[in-house]
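The values are calculated or read from the model by the stated rules, or taken from the named source; none is laboratory data. These figures come from a predicted structure and were not determined experimentally. Positions of Cβ are generated from backbone atoms using ideal geometry, with glycine treated the same way; all protein chains shown enter the neighbour counts. Remember, those area values only see protein heavy atoms, side chains included, never the ligands or the DNA or RNA. Shrake-Rupley method; radii C 1.70, N 1.55, O 1.52, S 1.80 Å.
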Amino acid sequence: MHRNLICLFVIAAVAGCSSPPPVSSPPSSTSSSAAGPDKAAVLAWIDQICAADEPILTVSAVVATGPKFAQGQQPTEADRPAVVAYVTKLRDMYAQAKAAYDGVGPSPIPRGDELVAGHRKGLGEIVPKLQEHLDNVRRFPPQGIDAPALLAGVEVVSWLPEGPGLGDLRGAEPVLDEAYKQAPNCTS
């Protein structure tokens, strides 16, 4: 009992001698966070996003002009170069977008990093699938090369990244709308 009482006094003494945690002062109204994101940083970031999206914006047109085979018509060896070129173009479009998204720096706006992460993840998944379809076009017998080409077209037309889209962010952050209108890669 005596030992417990001594421990209690020691704990009370130590607790009484400790200083309270410092109180932080509220941010001043002149800080950059109160003024919103830096407009130049937002402009640079959105320009990177638009440049990264550019390779895949025309994917529907590429799919529409890809090789087609009539019902009951089987491809021949003579069709292989066109099919290889088509699937290669699709793969390259998404690989280029992936490389561009891999180079996008930190976002100056809320949820921007989430947008980039969703694109990186999705592009990281679709590029290997497109490479697999391309490998199949190259090794399948001529009569079967239309199947991986069709699958590649379906993959790219139905692809959506995870997370928010640029439209979601533009509506929530007015400075992003302004930057979007000024960014060279967004207006071209």
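Note: the stretch 30-188, Cα convex hull, 105 Å³ per residue.
Globularity index of the stretch 83-142 is 1.40 (Cα radius of gyration / 2.2 N^0.38 Å, N = number of residues). What's the long-distance tail for the stretch 125-188, i.e. % of Cα pairs beyond 19 Å? Every Cα pair in the stretch 125-188 considered, those over 19 Å come to 55 percent.
Calculated from the alpha-carbon coordinates, the stretch 40-111 shows an Rg and a Dmax of 17.6, 57 Å respectively.
In the stretch 111-160, Rg over Rh equals 1.15, where Rg is the alpha-carbon radius of gyration and Rh the Kirkwood radius from pairwise Cα distances. Here the stretch 126-168 is treated with +1 on each Lys and Arg Cβ and -1 on each Asp and Glu Cβ, and its dipole about the Cα centre works out to around 240 debye. In terms of accessible area, using a 1.4 Å probe and ignoring ligands and nucleic acids, L150, L160 rank largest first as L160, L150. The residues W45, W159, sorted by heavy-atom accessible surface at 1.4 Å with ligands and nucleic acids left out, run W159, W45 from largest to smallest.
For G118, neighbours were defined as the other residues whose beta-carbon sits under 13 Å from its Cβ, and their charges (Lys and Arg +1, Asp and Glu -1) total -2.
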